[in-house]
Amino acid sequence: MNEHRPQRPAVTGLASMTFQSSDPAKALAYYRDVHGWEDHYLRTDAQGNLTNAFVKVNARQWVELRPETAPQTDRLIQFAFEVADAEAMRLYLADRGWKVPASVSMSLLGNLGFLVNDPDGHLVEFIQLSPKGWPSRTRGEPAGLKPLSTTLMHLGFSVYSLDASLKFYRDLLECREFWRGSSDEKTLAWVQMKLPEDENYIELMLYDQPPTLEWLGVLNHFGLEVFSMSETMEEASRRMGPRPYPREVGYSIGKCRHRLANVYDPDGTRAEFMERKTFDGSVTPSSPLPAPH
Ligand SMILES: [Fe+2]
């Protein structure tokens with residue numbers, strides 16, 4: 001290796017996921033009243049219309065909502081990784097032939113970063129958090145509801161070609177694959193990869209046929225760490241009460257042997273509660289099945 005070539009800076013965490021919302025006020029109420037995330041940072045345009053709503057998960061992680069620009073389309077806009085040095089990551093990716101912008105820039109939140117496209121065309125942001133930026137600058141926690149989770153444990157997104165995706169996430173970002181699984185026992189459905197310098201992970205959500213809008217809401221999702229699934233779902237059900245949030249609340253044990261449960265925002269975007277350990281301490285072997293493409 002040429003020692004003068006730019007080296008990859010540390011990828012230190014999952015930072016955020018950004019979705020379109022057909023009704024941001026309703027979605028914000030869901031994140032506040034069900035998830036218990038009460039700390040919202042709202043941005044408006046000159047006319048006072050909401051442009052961005054940032055929902056704090058913890059001092060380094062958040063979910064962002066933007067008023068939809070394209071009704072009845074994929075809700076995912078982008079997702080972001082925290083890096084130790086955004087400019088170093090930009091130079092590293094450029095050196096390895098990945099298309100990057102000409103410079104890093106300051107985000108609305110006061111953090112340095114830049115956007116690239118991954119092999120599926122997803123917008124991926126690399127963010128260097130600033131102590132003066134949001135959410136780092138926030139202090140303390142709101143006094144209201146206890147959040148059901150304070151950790152984005154994984155980010156999942158749709159992937160057409162596993163090989164193409166691995167060239168970016170494995171070969172360039174150096175994420176470490178630790179599990180792959182199948183839902184139909186014919187082809188792979190999930191490939192999970194830890195960030196190179198963090199225990200949290202990405203979940204490549206493989207699909208065969210073009211996903212419907214409803215299925216995109218399942219594929220493009222975030223995983224939230226909880227410590228007791230039964231207590232979490234009891235509390236989630238109590239908070240949801242008679243509200244018309246779609247789909248049933250319950251939990252199951254996934255093929256990965258973790259207790260998990262899904263809840264959905266008003267647009268059908270999935271949040272997946274999950275315990276970090278498997279329910280019985282044993283690990284399901286990785287599937288040897290082929291990817292759909
Ligand atoms: Fe997941």
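Only the coordinates and a few stated rules stand behind these numbers; no lab work does. Bear in mind the structure is a predicted one, so any value in this text is a computation, not a measurement. Heads up, the Cβs are rebuilt from the backbone with ideal geometry, glycines too, and the neighbour counts pull from every protein chain shown.
Of note:
- Span from the the stretch 43-78 Cα centroid across to the the stretch 142-205 one, whole angstrom: 22 Å
- Calculated from backbone phi, Karplus (6.51, -1.76, 1.60) coupling profile of the stretch 39-48 in Hz, x at Gly/Pro: 8, 10, 10, 10, 10, 10, 8, 4, 8, x
- Amide H contacts under 5 Å for Trp179, placed H, 5+ residues apart: Gln192
- Its DSSP H runs of at least 4 residues, each contributing -39,500 (n - 2.57), put the calculated 222 nm mean residue ellipticity of the chain at -4000 deg cm²/dmol, to the nearest 500.
- By the beta-carbon count within 10 Å of each Cβ, the least crowded to most crowded order of Ile77, Ile127, fewest first, is Ile77, Ile127.
- Rounded to the nearest 5, the antiparallel percentage of DSSP beta bridges internal to the chain is 70%.
- The ranking of Leu65, Leu166 from fewest to most other beta carbons within 10 Å of each one's beta carbon is Leu166, Leu65.
- Across the stretch 207-223, rounded Karplus estimates of 3J(HN,Hα) from the backbone phi angles (6.51 cos²θ - 1.76 cosθ + 1.60, θ = phi - 60°) give 9, 9, 7, x, x, 6, 4, 4, 5, 4, x, 7, 5, 8, 8, 10, x Hz, Gly and Pro being marked x.
- For the stretch 264-271, 3J(HN,Hα) per residue [Karplus equation, 6.51 cos²θ - 1.76 cosθ + 1.60, θ = phi - 60°, Hz, x = Gly/Pro]: 10, 6, x, 9, x, 7, 8, 10
- Mean separation of Cα contacts under 8 Å (6+ apart) over length of the stretch 153-278, as relative contact order %: 24 percent
- Pairs from Lys146/Lys255; Lys255/Lys277; Lys56/Lys99 whose Cα-Cα separation, in the structure shown, is over 20 Å: Lys146/Lys255; Lys56/Lys99
- Under a 5 Å amide H cut-off, with hydrogens placed 1.01 Å from N, Thr12 pairs with Glu82, Val83, Ala84 among residues at least 5 apart or on other chains.
- Burial ordering of Asp118, Asp265, fewest other beta-carbon atoms within 10 Å first: Asp118, Asp265
- Amide H contacts under 5 Å for Ile77, placed H, 5+ residues apart: Thr18, Phe19, Gln20
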